[in-house]
1. Which length gain, in nm to one decimal place, applies between LEU58 and GLU80 when the Cα-Cα distance is subtracted from 0.36 nm times their residue separation?
2. Compute the distance in nm between two label points, each set 7 Å from the Cα along the Cα-to-Cβ direction, one at ASP35 and one at LYS72.
Amino acid sequence: MPAGALPRNPFRPFLSGIDTLAARMHHAGMDDVLDLTEAARLLRVSPRTVRTRAKAGLIPGRKVGRDWRFNKEALLRHLEGRAPETVEEVVTRTVRRG
């Protein structure tokens, strides 16, 4: 290897796939979907607390396979004590996004 050259990263194909997936999710408006760790960071509590409260139905979340997923807006509405969105509000927001 030439002096100053960086070694080839064996994970590069995998990492570029993550970048592509993240870009597609952002473009599709899915950056509003949080995993357990991201939801915990947003709420400033431990992931264990988020999981326990989601299982009990105390915070809005859905189990997808073995993982939890949370809608960022729903969590913020919950924190502010606002009611969950109605179907009409979701449709209006989605149409505005285009």
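1. Numbers: separation 22, 0.36 × 22 = 7.92 nm, distance 1.38 nm.
Contour length minus Cα-Cα distance gives 6.5 nm.
2. Result for the modelled spin labels: 1.6 nm.
Only the coordinates and a few stated rules stand behind these numbers; no lab work does. Treat the numbers as computed from the prediction; the structure is a model and nothing was measured. Ideal geometry is used to build each Cβ from the backbone, glycine not excepted, and the neighbour counts take in all protein chains shown.
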